[in-house]
């Protein structure tokens, strides 16, 4: 489908007779069965407005046109340039272990954390009071792994399936929050509290029926309303724990609030949402949209960051999103990229001194359209020293029918 047909409009420009191509928000923001549909009634427009959607994409080949609207391609090119400008702001390297070395410990930490949060969620479902002492070592282990090498555990946690998504999503948000908070220079005590908040942010889902949590398809309006109660349920569950701090409590309750006041449960404006809770919202959405679910396919990590950047115009604090991108890198571990040489590769380790020059495992030539012997290219090095190439773009794994995870040797 030509990108020139797809245009970005404001909600005030939406009219009956247009065809919605993309509601331009994360999947838990809107109550619609589909993201693509013709607008046939004014009531549908009101529902979109009520969902807090400020901008969206329409297909002008299937509905009314908006002549002065920017095309999807133009929007993406602008976002790409702005994000690359962010990446050019170098930061000091702080890697204490190689990706390969840390991966060994990260596997053990991932499996232990998954077992613990699964057990805790079961306890919460059965009405038992959560034992915080069981989770404190989990958060500390995650924190130590992230400190040694940010990409190893976070890259490993990208591997999820629908059966373990809820548990591994919680561990992922914990790891992302720890990396995020550390990258902006927070105190260690606050970092660990933020990590605990990430680990427990979805504890309220223990009170949501499995038929809703694991439904293979969009939720009905009633199911969507029920799902939205998980944040309040989580706050109630955590209030029963004597030693839980205010940070995990607030993250559990308000991680679905949005910067423009369109979130839930309280529709808080930006100045009433705690900074750490706003950061948790960013980490939560990033991991959710870059993970496969029964009702949607994962966005590539680089594309997920670009959507966050686009949504930060309304739904997230722009400065906090920019800080998150600097933390994760514009080409996160696991991103499929095309190099100037015409080779395809997957990012296996970030260069924390320069986000534009990660290590890439190349395995395919677009010039000959054939697989080649895998080779690790360190883009921070010059030609003749294992480098001498540069990233031209991130690529869709579906387009090339490749599995980036397999090329990272993570499983």
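The values are calculated or read from the model by the stated rules, or taken from the named source; none is laboratory data. Quantities reported herein were computed from a predicted structural model and do not represent experimental measurements. In this analysis, Cβ positions are derived from the backbone assuming ideal geometry, glycine residues included, and neighbour counts consider all displayed protein chains.
In the stretch 271-292, what count of residues is obtained for those that are more than 22 Å from residue 185 (Cβ to Cβ) and over 13 Å from the mean Cα position of the chain (by Cα)? Final tally of qualifying residues: 2.
Of all the numbered requirements in (1) buried (at least 22 other Cβ atoms within 10 Å of the Cβ); (2) at pLDDT below 95; (3) closer than 21 Å to residue 255 by Cβ, residue 152 misses one, and that requirement is (3). With respect to the conditions (1) at pLDDT 95 or above; (2) more than 17 Å from residue 176 (Cα to Cα), residue 256 lacks only one, and its number is (2). Here residue 96 clears all of (1) assigned to a helix (DSSP H, G or I); (2) at pLDDT below 95; (3) surrounded by fewer than 16 Cβ atoms within 10 Å (Cβ to Cβ) except the condition numbered (1).
Listed by position, the helices (runs of 4 or more DSSP H) contained in the stretch 127-231 that have at least 1 residues being within 24 Å of residue 103 (Cβ to Cβ) and not assigned by TED's automatic domain parsing to the domain that holds residue 279 form an empty set. When you scan the stretch 373-392, do you find a residue that is closer than 23 Å to residue 26 by Cα and either assigned by TED's automatic domain parsing to the domain that holds residue 261 or surrounded by fewer than 23 Cβ atoms within 10 Å (Cβ to Cβ) (or both), even just one? Within the stretch 373-392, none of the residues are closer than 23 Å to residue 26 by Cα and either assigned by TED's automatic domain parsing to the domain that holds residue 261 or surrounded by fewer than 23 Cβ atoms within 10 Å (Cβ to Cβ) (or both). Annotation for the stretch 264-282: at least one member residue is assigned to a loop (DSSP other than H, G, I, E, B), out of contact with any helix residue (DSSP H, G or I) (no Cβ under 9 Å at 6 or more places or on another chain) and without any contact (Cβ under 8 Å) to a residue 24 or more places away in the chain.
Would you check if residue 268 is crowded, with 16+ Cβ neighbours inside 10 Å, over 28 Å from residue 163 (Cα atoms), under 19 Å from the mean Cα position of the chain (by Cα) and modelled with pLDDT of 95 or more? No: the conditions fail for residue 268.
Does at least one position in the stretch 167-183 carry a residue that is within 16 Å of residue 230 (Cα to Cα) and either surrounded by fewer than 24 Cβ atoms within 10 Å (Cβ to Cβ) or in contact with a strand residue (DSSP E or B) (Cβ under 6 Å, 6 or more places away or on another chain) (or both)? Yes, the conditions are met somewhere in the stretch 167-183. Residues that are touching a residue at least 60 places away in the same chain (Cβ under 8 Å), surrounded by 19 or more Cβ atoms within 10 Å (Cβ to Cβ) and more than 20 Å from the chain's Cα centre (by Cα) within the stretch 220-263 comprise 237, 238, 244, listed in sequence order. For the criterion of being in a helix (DSSP H, G or I), within 21 Å of the chain's Cα centre (by Cα) and at pLDDT 90 or above, residue 73 fails.
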